[in-house]
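Written below as structure tokens is the structure these notes are about.
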Amino acid sequence: MRKNIVAGNWKMNTTLQEGVGLAKDVNEALSKVNAACDVIICVPFTHLAPVNAVINPAKLGLGAENCADHKSGAYTGEVSASMVASTGASYVILGHSERRQYYGETAETLKEKVALALENNLTPIFCIGEVLEQRENGTYLEVVKAQIEDALFNLSAEDFSKLILAYEPVWAIGTGKTATDDQAQEMHAFIRGVIADKYGKEVADNTSILYGGSCKPSNARALFAKPDVDGGLIGGASLDAESFMGIVEAFN
Ligand code: 13P
């Protein structure tokens, strides 16, 4: 059966020293509780190896926030999936709306990134989600369906089963405006149906679908109680060990 997961996305926050300190705090807090979900932190590239050195991998997973769409070579400033894997990280966020919006990521580049991540045994945390206008004009379900179909439906069922999905309505990211638990449930159940139509019920039932967008300790419990919401991808609230742990504990 699918896993419950709480993953932090630190985005472009923390210096190396601050990040290592935050990772240590989360690691320490996790050592004192029996978390009822998998816990992951996704951190800037510069922080991966030093953070990996201070966390207990049995309790806390580590991921990057992106990787390149090429294997290696003359791509100045890029970081490849194999480089990410060589730090000890096991996950990579792909297709975050901020990458789509500010760095022009498309379904075509994302296909390459997903393939390279999988080749390097990284688990992609693949993000999808509509913008406010699409929510308001009622096209949000078809928008998200197309994002999944266009970037992921070239995968075999075996490879698709390795993914974690994250539904992040763009209008809820960093805005303090959370999707209601019913809005999240509607979309998550829809996504599971889209997966079932393509890969069958078993693959769909085994896919973890996380919610992201202004998730915090005060709303996590209600969101995670919904049958198709399998956890969260947490931005702002993952930058403080106590609030991040408050969300982890929503599963206890
Ligand atoms: P916030 O939790 O800050 O809204 O960010 C969500 C997000 O984008 C996680 O990837």
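The values are calculated or read from the model by the stated rules, or taken from the named source; none is laboratory data. Just so you know, these numbers come straight off a predicted model, no measurement behind them. Neighbour counts are summed over all protein chains in view; Cβ atoms, including those assigned to glycine, are modelled from backbone coordinates with ideal geometry. With ligands, DNA and RNA removed, areas are computed over all heavy atoms of the protein, side chains included. Shrake-Rupley method; radii C 1.70, N 1.55, O 1.52, S 1.80 Å.
Within the accessible surface of the chain, defined with a 1.4 Å probe on protein heavy atoms only, the carbon and sulfur portion equals 50 percent. For region 1-133, the C-alpha radius of gyration sits at 1.06 times the compact-globule guess of 2.2 N^0.38 Å, with N the residue count. Among 20, 26, the sequence by solvent-accessible area, most first, with a 1.4 Å probe is 20, 26. Its convex hull of Cα atoms gives region 129-169 a direction-averaged projected area, equal to a quarter of the hull surface, of 2.9 nm². The residues of the chain expose on average 44 square angstrom of accessible surface per residue, using a 1.4 Å probe on protein heavy atoms.
Counting heavy atoms of the protein chains alone, residue 240 has an accessible area of about 80 Å² for a 1.4 Å probe.
When the surface is traced with a 1.4 Å probe over the full set of protein chains, residue 99 keeps roughly 60 Å² accessible. Remark: region 93-225 carries a charge dipole of roughly 360 debye about the Cα centre, counting +1 on each Lys and Arg Cβ and -1 on each Asp and Glu Cβ. Across every direction, the projection of the convex hull enclosing the Cα atoms of the chain has a mean area of 12.4 nm².
In summary, the convex hull built on the alpha carbon positions of region 90-201 has an orientation-averaged projected area of 7.2 nm². Hey, what number do you get for the chain at 222 nm if only DSSP H runs of n ≥ 4 count, each worth -39500 (n - 2.57), divided across all residues, to the nearest 500? Mean residue ellipticity at 222 nm (helix-derived): -12500 deg cm²/dmol.
Within the straight-line cut-off of under 13 Å between alpha carbons, the aspartates and glutamates reachable from residue 24 are 240, 242, sequence neighbours fewer than 8 places apart in one chain being disregarded.
Accessible surface for residue 86 stands near 100 Å², nearest 10, in the context of the full protein assembly shown (1.4 Å probe). Remark: the chain carries a charge dipole of roughly 460 debye about the Cα centre, counting +1 on each Lys and Arg Cβ and -1 on each Asp and Glu Cβ. Taking amide H atoms as placed 1.01 Å from N in the peptide plane, the amide H of residue 96 lies under 5 Å from those of 127, each 5 or more residues away in sequence or on another chain.
Looking only at Cα atoms, what is the convex hull volume of region 155-213 per residue, in Å³?
Values: hull volume 4.5 nm³, N = 59.
Convex hull volume per residue, Cα atoms: 77 Å³.
With the cut-off at 20 Å, tell me which of the pairs 111/145; 162/216; 11/216; 162/198; 162/201 have Cα atoms farther apart than that.
162/216
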